[in-house]
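One structure is given below, encoded as structure tokens.
Taken together, the values in this text are just the output of simple stated rules run on the coordinates, not laboratory data. Predicted model, so just to flag it, every value in this text is computed and none were measured. Every residue, glycine as well, gets a Cβ built from its backbone with ideal geometry; the counts of neighbours run over all protein chains shown.
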Amino acid sequence: MTQPLPFIDLAAQQARLGDRLRLAIDTVLREGAYIMGRQVADFERELAEFCGARHVISCANGTDALMLPLMAWGIGPGDAVFVPSFTFIASAEAPALLGATPVFVDVQPETFDIDPASLHGAVAHARSLGLRPRAVIPVDLFGLPSDYDTLLPLAEDLGLLVLADAAQGFGGAIDDRRAGTFGQATATSFFPAKPLGCYGDGGAVLTDDDQLATRLRSLRFHGKGQDKYDNVAIGLNSRLDTLQAAILSEKLAIFADELAARDRIAARYTAAFQDRCPNSIITPTVPAGYQSAWAQYTLRVAQRDQMMAACKEQGVPTMVYYPIPLHRQSGYAHYPQAPLGCPVSEHLAAEVVSLPMHPYLGEQDQSRIIDVVCSAVEKTI
């Protein structure tokens, strides 16, 4: 029987880090500061230096990283927050938990990121419903930054705050600007499967706004003031564990190298599929000047289920992100959407399929994946 390949190989990364990782963990255990130990501040500083943001405020998970800026901005009932329909539920869950109304916006078929034209129509529709448009959450889906050159001036014209969702896109860039520096704030996640992931849950908010950063540091710690027993706001218990911060610092040290490896693997995938299956596979689009973090390498395939079944038989894992757009999910179907609906999101949900992608994917395994995928697709034609 053919040995199945891993979809993401975290064990290979752990082997590379080796003694450095064990030393970092042992240091935290020896020092015993498990909550807000010095490694948390060290990691926040290192992450800020990596991406060029003024402030990094770490927190317990990526969903809290989305909620905290919305809380700091006072977003709640009666407010509209615009979210792409083709993404993970957390992007809509955060405003909904605060009593705000997520309004679903369609995405662009080439990049999978939010469509500025759909956003414009959605804002007008929200106003017609009596909602106050307050913020937009562009999602850097699968690692590719959104079209911020278009979105930022549009958001300013529409009176919207921009909360960039870089849970998958951290490490990506547009020209010389890295994810974490677009909009008023950026949220990211350190879930283990992310390009920069810890060994549990974790997240962070990045911003250049000094006042917002101060507010976020309070809100992540129960809304504390000068003292933890002087609470000046209703906040969350959302602190990054010291152990996770220590692990993330070691991973950040090799992150640039891993991003380069992901880019090489993605380029090889794309070249092979465009050469061998140009009429049956649509490969990812990366606009000029953009760098994807390649959280996922995602194809569009017409006969997806048959192709996935054939890959499974040959030990090649595949995943679908995401099979149901948010505006179709039962817990969210009652929320408004852009006037023209989200047809691109629905179409993509029926076609997308992601292949194994991680920095330690060797050429032999990648060739095997390419051969199996092309053979599987040919069988469905």
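With distances taken between every two different alpha-carbon atoms, region 99-142 has a Kirkwood hydrodynamic radius of 11.2 Å. Using only Cα atoms, locate the centre of region 46-112 and the centre of region 198-244, then give the distance between them in Å, rounded to an integer. Measuring centre to centre over Cα atoms gives 16 Å. Looking at the chain, the DSSP beta bridges with both ends there are about 60 percent antiparallel. Scaled against the 2.2 N^0.38 Å expected of a compact globular protein of N residues, the Cα radius of gyration of region 256-380 reads 1.15.
Sorted from longest to shortest, the spans of the Cα atoms of the chain along the three principal axes equal 65, 59, 37 Å. Helix-only arithmetic for the chain: the sum of -39500 (n - 2.57) across DSSP H runs with n ≥ 4, divided by the residue total, places the mean residue ellipticity at 222 nm at -13000 deg cm²/dmol. Rounded to the nearest 20, the size of the Cβ-charge dipole of the chain about its Cα centre is 600 debye, with Lys and Arg at +1 and Asp and Glu at -1.
A convex hull fitted around the alpha carbon atoms of region 283-356 yields 133 Å³ per residue. Over region 243-290, all Cα pairs binned in 10 Å intervals from 0 give whole-percent P(r) values of 22, 34, 24, 16, 4, listed from short to long. Once every Cα of region 273-313 carries one equal point scatterer and solvent is ignored, give the base-10 log of I(q)/I(0) from the Debye formula at q = 0.18, 0.23 Å⁻¹, two decimals. Debye output, listed in q order: -0.65, -0.91. Per-residue extension of 0.36 nm, minus the Cα-Cα distance of Asp257 and Gln364, leaves a gain of 36.5 nm for this segment.
Based on C-alpha pairs under 8 angstrom that are at least 6 apart in sequence, the chain has a relative contact order of 23 percent. Taking Cα centre as origin and charging only the Cβ of basic (Lys, Arg, +1) and acidic (Asp, Glu, -1) residues, the dipole magnitude of region 256-380 rounds to 200 debye.
DSSP finds beta bridges in region 1-136, and of those with both partners inside it, around 10 percent are antiparallel.
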